[in-house]
1. Filter segment 146-191 for residues that are under 18 Å from D10 (Cα atoms) and among the small types (G, A, S); which is least open to solvent (accessible area, probe 1.4 Å)?
2. Is it the case, given these coordinates, that K39 is open to solvent by 90 Å² or more (accessible area, probe 1.4 Å), in contact with a Leu (Cβ under 9 Å, 6 or more places away or on another chain) and modelled with pLDDT under 90?
3. Looking at segment 96-113, can you tell me whether even one residue there is of a type in the set (D, E), buried (at least 21 other Cβ atoms within 10 Å of the Cβ) and within 14 Å of the chain's Cα centre (by Cα)?
4. Kindly list the number of the only condition in (1) closer than 29 Å to S177 by Cα; (2) modelled with pLDDT of 85 or more that fails for P60.
5. Any residue in segment 145-172 that's free of Cβ contacts under 8 Å to residues at least 24 places away in the same chain: show its pairings with residues that are assigned to a loop (DSSP other than H, G, I, E, B) and open to solvent by 30 Å² or more (accessible area, probe 1.4 Å) at Cβ separation under 8 Å, as long as the two are six or more apart or on different chains.
Amino acid sequence: MLDQKYTKLDDDVIFCEDVFTEEELAKINELCEAVISEKGFVDFATGDNITRKVETSGFPRNADSVFIYKKMANVLKEVNEQHFNFDVDGFVEGGLFFVSYNQPSDSLGWHTDKINYDGKRKDFVKLGAILQLSDPSEYEGCDIEIMTDGILNIKKQKGLIYFIPGYVSHQVTKLISGKRNVVVAWLTGPRYK
């Protein structure tokens, strides 16, 4: 049974609100803006280029950010135990990631988050969580679409965290104006049985 603080939109999509206070969200955004970013990436799991034009960076775990890691780990654990029950080991190597959509046309095309390959081992992404840092009034576009039995649009709300399994296809449409910041976390584990 899923705790009442979580809302089930679909068998594969859960969200929750009010995990972080307004002050904590402002602090997270401040920490994220201070992180040095790099443009885009290649999906090493398949070798295919994903249509991705955003700034991304690992989010360092330190005294200033430990509260983020703890809260994200707790909600991921609860959602996994109450709904998905995946066999997980912990965060993907690198921990949390900051993603900023800040130029017109920044986007993330249709993709899944199944495998993280670092050249030595493969971690299977079991569950992803995305924390919305920006107020929807601060940007236009960047709609989050998830492929289930059709296309499911995720509401835009500052502080919202949504959870999807790594095998579910999703995208972020092009930014039209403004800036959208998020923190992303993935739980990994052994190959599905």
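1. Here the residue is G166.
2. Details: open to solvent by 90 Å² or more (accessible area, probe 1.4 Å): yes; in contact with a Leu (Cβ under 9 Å, 6 or more places away or on another chain): no; modelled with pLDDT under 90: yes.
When the stated conditions are applied, K39 does not pass them.
3. As a first pass, look at segment 96-113 and keep what is of a type in the set (D, E): 106, 113.
Retained after the next criterion (residues that are buried (at least 21 other Cβ atoms within 10 Å of the Cβ)): 106, 113.
Pick out the ones that are also within 14 Å of the chain's Cα centre (by Cα) and you get 113.
Taking every residue of segment 96-113 in turn, at least one turns out to be of a type in the set (D, E), buried (at least 21 other Cβ atoms within 10 Å of the Cβ) and within 14 Å of the chain's Cα centre (by Cα).
4. All conditions pass for P60, except number (2).
5. Pairs that qualify, where the first residue is free of Cβ contacts under 8 Å to residues at least 24 places away in the same chain and the partner is assigned to a loop (DSSP other than H, G, I, E, B) and open to solvent by 30 Å² or more (accessible area, probe 1.4 Å), are N153/D143.
To keep it simple, each residue is scored yes or no on (1) modelled with pLDDT under 80; (2) in a strand (DSSP E or B); (3) aliphatic (A, V, I, L, M); (4) under 24 Å from H111 (Cα atoms).
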residue: T7; (1), (2), (3), (4): no, yes, no, yes
residue: V19; (1), (2), (3), (4): no, no, yes, no
residue: D43; (1), (2), (3), (4): yes, no, no, yes
residue: T46; (1), (2), (3), (4): yes, no, no, yes
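The values are calculated or read from the model by the stated rules, or taken from the named source; none is laboratory data. This is a predicted model, so every value here is computed, not measured. Glycine gets a Cβ as well: all are built from the backbone with ideal geometry, and neighbour counts include every protein chain shown. For the accessible areas, the whole protein counts, side chains as well, though only heavy atoms, and no ligand, DNA or RNA atoms are used. Shrake-Rupley method; radii C 1.70, N 1.55, O 1.52, S 1.80 Å.
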